[in-house]
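Worksheet for the structure shown next.
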Amino acid sequence: MRTALPFAAVLFCLVAPLSAQAPPADQDPPSDTTVYAIDPLLVTATRGPRLVSETPRPVSVLGRVEVREQSPNTVSDLFRRLPGLDVTGVGVNQARPAIRGQRGQRILLLQDGMRMNNSRRQQDFGELPALVDVSGVDRVEIVRGPASVLYGSDAIGGVINIITREPEADGFQGLVSARYGQVENQGKGAARIFGRQGRLTVQAGGTWRSADSYEAPSGSFGSIELDEDVTVLNSGVSDRSGDLRLGWDLAENVHAFGKFEYYTAEDAGFGSVAPADFAPGEAEINLLYPDQRFAKFTAGFRADEMGTALADRLEIVGYGQDNQRTFVNNLAFSFGIPNAPEAGLRIEGENFTDIRTYGFRAEARKLAASNLLLTYGVDLFRDRAEGTDFETQTTVGFGPPMVE
């Protein structure tokens, strides 16, 4: 070690003058501009602004660039490449997120911090991320793991917050896009405009889409063997969405807004393959939403840099929404009687649900000390559901069909 030190000192003396020489005359001088990489702002994991690198939770943030590059059908399609996340459901609009094996009502789905879950959705399915037009998404924040302390029991598996875009600079800008997909014969068109004029901000957009059922290629899919390409039943959709947001700056740091959005879908279902294509004689199950209609109105108020004794920032938001859907469940199977090959049972069920949800959130933040940020408030919602169920059972193969 003592021998290496003098050698290192001599080497440094020889190299240092060379590194200090001026660059050649034909070489541009080094630039004084320094580029810094800034972490995205994360609010979902802690209900307060914090950098991703300083958040003590496993989180992911997908920004506007990722949304534009991947061009997903819904927000759920963005999760297919993220660690700890998966997607359940088949079709253009029925994909739902799964976090570390948790799904459905164990994952809290938010839009701009307001819950989209309701108490009437099936535990396995959860709410549809497709209700939010992906063309208006600014970023998506995902908390992978329990967040029930901040958000309640729905967040035992994680939280997904879809944050929509707001106008920033003065003037107006817009986008128009079109898409065609050969696998599902999908045609889609979308248009959106953002604008700010003085104290007024405007955002509006709409999307139209029509897609046929997918074609599944031949091959092995777990225990299913397909000898040739087959149609995945009920995996298409015809849907439309639109939204309008108007905002007004009451003062320099005080903003109020109102927003209306709607979504309609027809013939959207849970994809399945006909048993005749891989297992003749097995029961045939068709799950379909022939009609779904969703409308929501949101109004809010936000004040920043208040500097009062109780809060530096205050946000109050209320909303009301109506979610109507018709669900059809058809089951058909054979009894397998040799002398009566047509003997079997058909069950046709139909469920209609109209869920009206009203919610309110008030949240305040106060910097109590240089390293202590307090966040407190109240988050309430109430569901009111009306529904009907109808089921018909038809037995065939034993004389005239017997209907119950």
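The values are calculated or read from the model by the stated rules, or taken from the named source; none is laboratory data. In this text the structure is predicted, and so the values were computed from the model without any measurement. As a convention, Cβ positions derive from the backbone with ideal geometry for all residues, glycine included, and neighbour counts pool all protein chains shown. Side chains included, ligands, DNA and RNA excluded: accessible areas come from the protein's heavy atoms. Shrake-Rupley method; radii C 1.70, N 1.55, O 1.52, S 1.80 Å.
With each pseudo-label sitting 7 Å past Cα toward Cβ, what's the E282-S238 distance in nm, one decimal?
Computed distance between label sites E282 and S238 equals 3.1 nm.
Quick one: Kirkwood hydrodynamic radius for the stretch 255-404, alpha-carbon pairs, angstrom, one decimal?
Values: mean 1/r = 0.0493 Å⁻¹.
Across the stretch 255-404, the inverse of the average 1/r is 20.3 Å.
Taking the highest mean first, how do the peptides 267-279, 378-390 order by number of other beta carbon atoms within 10 angstrom per residue?
So the order, starting with the most tightly packed, is 267-279, 378-390.
Starting from the Cα coordinates of the chain, work out the convex hull volume and express it per residue in Å³.
Spelled out: Cα convex hull of the chain, divided by residues, is 267 Å³.
When the gyration tensor of the stretch 73-224 is built from Cα positions, what are the square roots of 5 times its three eigenvalues, in whole Å, from largest to smallest?
29, 24, 12
State in Å² the accessible area per residue of the chain; use a 1.4 Å probe, count heavy atoms of protein chains only, and round to the nearest integer.
56 Å²
When we measure straight from the Cα of K296, which lysines land under 20 angstrom away, once same-chain ones fewer than 8 places off are left out?
Within the straight-line cut-off, K296 pairs with K259.
Determine ³J(HN,Hα), in whole Hz, for all residues of the stretch 226-234 in sequence, where each value follows from phi through the Karplus function 6.51 cos²θ - 1.76 cosθ + 1.60 and θ = phi - 60°; x replaces Gly and Pro.
Values, residue by residue: 10, 6, 8, 4, 10, 8, 8, 4, 6 Hz.
Given a 1.4 Å probe and heavy atoms of the protein chains only, how would you sort S241, S153, S71, largest accessible area at the top?
Working: S241 15, S153 95, S71 60 Å².
Result of the area sort, largest leading: S153, S71, S241.
Give, rounded to the nearest 20 debye, the magnitude of the charge dipole that the stretch 202-298 has about its Cα centre when Lys and Arg contribute +1 at Cβ and Asp and Glu contribute -1 at Cβ.
800 debye
Which values of log₁₀ I(q)/I(0), to two decimal places, follow from the Debye formula for the stretch 195-246 at q = 0.14, 0.20, 0.29 Å⁻¹ with a uniform point scatterer at every Cα?
So the normalised log intensities are -0.59, -0.79, -1.05.
Can you give me the Kirkwood hydrodynamic radius for the stretch 306-376, using every pair of distinct Cα atoms, in Å to one decimal? Could the numbers behind the result be given before it?
Numbers: mean 1/r = 0.0556 Å⁻¹.
Hydrodynamic radius (Kirkwood, Cα pairs) of the stretch 306-376 is 18.0 Å.
Roughly how many percent of the accessible protein surface of the chain is carbon and sulfur, given a 1.4 Å probe and a whole-percent answer?
Reported share for carbon and sulfur atoms: 56 percent.
Pairing the Cα long axis of helix 4-19 with the longest principal axis of the chain, what angle in degrees results, from 0 to 90 and rounded to the nearest 10?
90 degrees
Spelling out what I want: for every residue of the stretch 89-99, take phi, set θ = phi - 60°, compute 6.51 cos²θ - 1.76 cosθ + 1.60 (Karplus), and round to whole Hz; glycine and proline get x.
Values, residue by residue: x, 10, x, 6, 10, 9, 5, 10, x, 9, 10 Hz.
Convex hull over the alpha-carbon atoms of the stretch 217-286: what's its volume per residue in Å³?
Expressed per residue, the convex hull around the Cα atoms of the stretch 217-286 is 155 Å³.
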